[in-house]
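Working notes for the structure below.
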Amino acid sequence: MAIPPSHTRAVIIGGGVSGCSVAYHLAKLGWTDIVLLERKQLTSGTTWHAAGLVGQLRGSQNMTRLAKYSAELYVNLEAETGVATGMRQVGSISLGLTADRREELLRQATLARTFGVEVQEITTAEVRAMYPHVEIGDVTCAVHLPGDGQCDPANIAMALAKGARMNGAQIIEGIKVTRVTDDGTRVTGVDWDNGSQTGHIAADIVINCGGMWGRDLAAASKVTLPLHACEHFYLVTEPIDGLGHLPVLRVPDECAYYKSDAGKMMLGAFEPRAKPWGMGGIPEDFCFDALPEDFAHFEPILEMATKRMPMFETAGIHTFFNGPESFTPDDRYYLGEAPELNGYWVAAGYNSIGIVSSGGAGMALAHWITQGEPPFDLWEVDIRRAQPFQRNRRYLKERVTETLGLLYADHWPYRQVETARDVRRSPIHAHLKAAGAVFGEVAGWERANWFADADQPREYRYDWGRQNWFDNQRAEHMAVREGVGLFDMTSFGKIRVEGRAACAFLNRVCANQIDVAPGRVVYTQMLNSKGGIESDLTVTRLSETAFLLVVPGTTLQRDLAWLRRHQGDHAIAIIDMTAAEAVFCVMGPKARDLMQGVSPDDLSHKGFGFGTAREIEIGMGLARAHRISYVGELGWELYVSSDMAAHVFEALTDAGTDHGLKLCGLHALDSCRIEKAFRHFGHDITDEDHVLEAGLGYAVKTSKNEFIGRDAVLRKQDAGLARRMVQFRLEDPEPLLFHNEAILREGRIVGPVTSGNYGHALGGAIGMGYVPCPDESADEVLASSYEIEVAGVRHRAVASLAPMYDPASERVKM
Ligand SMILES: Cc1cc2nc3c(=O)[nH]c(=O)nc-3n(C[C@H](O)[C@H](O)[C@H](O)COP(=O)(O)OP(=O)(O)OC[C@H]3O[C@@H](n4cnc5c(N)ncnc54)[C@H](O)[C@@H]3O)c2cc1C
């Protein structure tokens, strides 16, 4: 048996498709001093029994880029390594059976065109011609992606492993990593056990590609890797005469996919309520194992399949397969360096798309490890989005019952998860609930998305058109524009940076001038070396040596990790204060009247200027009021110690009855901010988007000291902008924009809508998005005609580089 080396640059833990791809790509980039350890045999975890579907279209541009990369890699892998991978580009067909699914499929087709994936809407006759076995009487829509494929998953992994070895990587089977060792801040290596011997490998980094084992291994190093195994089913028929080569077929309304292979038919299921597995840990001896059959669980899917594909009535069943796979709370996998421990990297939690994802994910991770930065924005799969509480196994078990089925469920806009709720709550949660709040969940936080009227059901009725809360949103939105509204934004991440070097440190990581007088609030970005936006935040100087950073709740762990990574020798403390304070945003032209009714402090424009913060009295309590606004109106964000939150809220709402105060939800917050063209991190601005092209140059001070990203800003100033962030309003007030619709300039698709919502004051759907414009002036960009394609239909759009709502920002400075 091979004995591992005593020192190596990187240890890859796990020989499934994920680990093999990471090894392959690291070796290709010249990291030959690496070793992959597999506890049993390569592919013996989940990889060996995957169905092998390789669909290229994903929910975002970069995930599609990765999937397309995988497909191209797998096509060429056989010639490169000599291992037969079974990769065939047979194409895929998706069928819709409802009007809602038709809308979704047509929107996906627009998305595919935007991302450069070949796609056609096809008639049912064309479906029949390509797939003679399928019943089409109730089909409402069919879409064909000719570039999609299918493969033999185990051989893809074996080919990647061979390619890794050919480039110098060492791969050893039969060795289990028992522990990742560290010195308190950084990984130092791994301890291993091969059954007869134990040992240690000193290593610079480790990459946890341990699939469903990965969570507990990570937890032993205090690294959060929230995933949980679920049972996942398919069946394979006996050979069927004359079956031939068929495209992959998906019928999401019946939770089913079909694949023909070697004359047999496979039927796979994404049932609405899945069965979690492995609650007591994954058995030590698991190796090429299957789980017990559960025919009763699979039967409803088979019943529908038999009607859809009558051949199932007569075809004998060769295999009824049940295998475990890792699922995550948001159906997205994890990639990147864990924020808790330097040098601890992760590529795991693949939610049943690990084969199609691993090629691209391995490439992206290898780039990230070797270059120090990801090749492009990977926020949606970034491990830093995981919340520490998500280590909780009961939470995970409950959530994954839902996430498996969500893959084939209707992907309506604003769809909320239903399981594992109510974990993180604002101190005024019960007050909001009593007032009719309908909650959504983000990062575990329950947040009021909208407020139902007294006689209205407190639930979402999903639709691709106006949903049941559209008028509630309008009322909240207009209250903020014309009166006063209150948003509970307690979910904001709050980071206190304190110490003698705090100002110098923040001036190094932030692009705006942070060395301001105590009591000032600064809007800024943290940039990377390419000028891309790592974080979008406000920094409030509380004193000479103390600052409060306010970030979105979703990015808190990412921001903490970024700050700690750049702390260096600065004598500072970086403390997560999120749970210490509730945040109420009192916004609207009548905000001052309301506030003045509960506070004796001077809140006049002269006495409390825009962009300042200070302590005020409210009711019988205290709050720190920050005069800023994400909705573009006069207003204050009130930071209230959690123990006084309910009191301050009651004082405001009691006084609010005289001032028409309206409780407002996150949907109205978003519709207000998009009218004002405020950017939303993760959608409009990411680490791939240059701060100048995002239109945020006004918050960058190149004249101050050196800061991260300054050189990239100066270079871009010299070179000129290659693209610009543009705000659009549809001329027709009827259609809606959500995200990812196609922007057309002079009839040609130029990119996706990065975020969308309805502008209730502007009177139409508003979208944001980048328009490529090398060597063009702002006037030239605006001189073009624009349309936005929604589900295949084009709508004329008005474009603007300045915010369409209150371009001179007069309203915030009243
Ligand atoms: C029924 C079914 C159908 C599927 N169909 C598809 C499909 O059509 N398309 C698609 O893209 N995906 C599909 N998948 C998903 C796909 O199989 C997985 O996402 C993928 O195989 C996960 O690969 P992995 O490398 O992360 O995990 P694994 O394959 O489980 O590999 C992890 C490896 O790590 C090893 N390991 C764990 N701990 C240690 C340790 N401490 N030391 C050493 N080694 C360790 C394990 O032994 C294991 O071999 C399907 C899955 C199932 C169950």
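Once you have a ≥ b ≥ c as the square roots of the Cα gyration tensor eigenvalues for the range 772-814, tell me rounded if a/c is under 1.5, and otherwise prolate or oblate according to whether a/b is larger than b/c.
On the way: a/c = 3.56, a/b = 1.46, b/c = 2.43.
In terms of gyration-tensor shape, oblate.
Round to the nearest 10 and give me the degree value, 0 to 90, for the angle of helix 17-28's Cα axis relative to the longest principal axis of the chain.
80
In whole angstrom, note down how far apart the Cα centers of the range 354-418 and the range 625-640 are.
Centre-to-centre distance over Cα atoms comes out at 33 Å.
Kirkwood Rh, the range 328-481, all Cα pairs: how many Å? Please list the in-between numbers first.
On the way: mean 1/r = 0.0554 Å⁻¹.
For the range 328-481, inverting the mean 1/r across all distinct Cα pairs yields 18.0 Å.
Order by neighbour count: Cys20, Cys230, fewest other Cβ atoms within 10 Å first, most last.
Least to most surrounded, the residues fall as Cys230, Cys20.
Running Debye on the range 141-272 with equal point scatterers at the Cα sites and no solvent, what base-10 log of I(q)/I(0) appears at q = 0.11, 0.16, 0.22 Å⁻¹?
For the requested q values the scattering log ratios are -0.68, -1.01, -1.35.
When the expected Rg is taken as 2.2 N^0.38 Å, what fraction or multiple of it is the alpha-carbon Rg of the range 491-624?
1.12
Could you name the aspartates and glutamates in cross-link range of Lys676, using Cα to Cα under 17 Å and dropping any fewer than eight places away on the same chain?
Candidates past the 8-residue exclusion: Glu476, Glu482, Asp536, Glu633, Asp684, Asp806, Glu810.
Let me check against my output: what whole-number percent is the relative contact order of the range 603-690, with C-alpha pairs under 8 Å and at least 6 apart?
Computed over the range 603-690, the figure is 21 percent.
Under 1.5 on a/c is rounded, so check that first for the range 659-814, then, if it is not, pick prolate when a/b is larger than b/c and oblate when it is not; a ≥ b ≥ c are the square roots of the alpha carbon gyration tensor eigenvalues.
Because a/c hits 1.5 or more and a/b fails to exceed b/c, the range 659-814 counts as oblate.
Suppose the Debye formula is applied to equal point scatterers at every Cα of the range 707-795; what is log10 I(q)/I(0) at q = 0.24, 0.26 Å⁻¹?
Debye curve over Cα of the range 707-795, log10 I(q)/I(0) at q = 0.24, 0.26 Å⁻¹: -1.14, -1.27.
Restricting things to alpha carbons, tell me how big the chain is in terms of Rg and Dmax, in Å.
Cα radius of gyration and Dmax of the chain are 27.2, 85 Å respectively.
Taking other Cβ within 10 Å of each residue's Cβ, how do Met577, Met587 sort, fewest first?
Lowest count first: Met577, Met587.
Karplus couplings for the range 648-659 from phi (6.51 cos²θ - 1.76 cosθ + 1.60, θ = phi - 60°), rounded to Hz, Gly and Pro as x?
5, 4, 5, 4, 5, 6, 4, 5, x, 4, 7, 10
Could you tell me the convex hull volume per residue, in Å³, taken over the Cα atoms of the range 11-58?
Output value, Cα hull per residue: 91 Å³.
Cα centroids of the range 35-63 and the range 491-566: how far apart, whole angstrom?
Each part reduced to its Cα centre gives a spacing of 38 Å.
Using alpha carbon centroids, what distance separates the range 674-715 and the range 108-129, in Å?
Spelled out, the Cα-based centre of one part sits 37 Å from the other.
Less than 17 Å apart at the alpha-carbon level, and either on another chain or at least 8 residues along: which lysines does that give for Lys590?
Lys606, Lys662, Lys813
Binning at 10 angstrom from zero up to the longest distance, how are the C-alpha pair distances of the range 242-360 distributed in percent?
10, 34, 34, 16, 5, 1
Would you kindly calculate the mean projected area, averaged across all directions, of the convex hull enclosing the Cα atoms of the range 668-743, in square nanometres?
With every direction weighted equally, the projected area is 6.6 nm².
What is the range 463-542 by shape, rounded, prolate or oblate, if you read a ≥ b ≥ c off the alpha carbon gyration tensor as root eigenvalues and call it rounded for a/c under 1.5, prolate for a/b larger than b/c, and oblate otherwise?
Verdict is prolate for the range 463-542.
What percent do you get for the relative contact order of the range 316-454 when only Cα pairs under 8 Å and 6+ apart count? Numbers along the way, then the final one.
Working: 157 pairs, mean separation 26.2, N = 139.
After rounding, I find 19 percent.
Determine which lysines satisfy two conditions relative to Lys704: a Cα distance under 20 Å, and not lying fewer than 8 residues away in the same chain.
Excluding near neighbours in sequence, the set is Lys530, Lys716.
Angle between the Cα long axis of helix 354-371 and the longest principal axis of the chain, 0 to 90 degrees, nearest 10?
Roughly 60 degrees between the two axes.
Ignoring everything except DSSP H segments at least 4 long, calculate the 222 nm mean residue ellipticity for the chain; use -39,500 (n - 2.57) per segment, divide by total residues, nearest 500. Write out the running numbers ahead of the final one.
Working: 19 runs with 212 residues, N = 814.
Per the formula, -8000 deg cm²/dmol.
Working from Cα positions, state the angle (0 to 90°, nearest 10) between the long axis of helix 666-675 and the longest principal axis of the chain.
70
How large, in Å, is the range 640-697 by the Kirkwood hydrodynamic radius built from its alpha-carbon pairs?
Result for the range 640-697 stands at 14.5 Å.
In percent, what relative contact order does the chain have, based on Cα pairs under 8 Å that are 6 or more apart in sequence?
This gives 12 percent for the chain.
Every number here is computed from the coordinates shown, using simple stated rules; none is lab data. All figures in this text were calculated on a predicted structure; none of them were measured in a lab. Cβ sites come from the backbone with ideal geometry, for glycine too, and all protein chains shown count toward neighbours.
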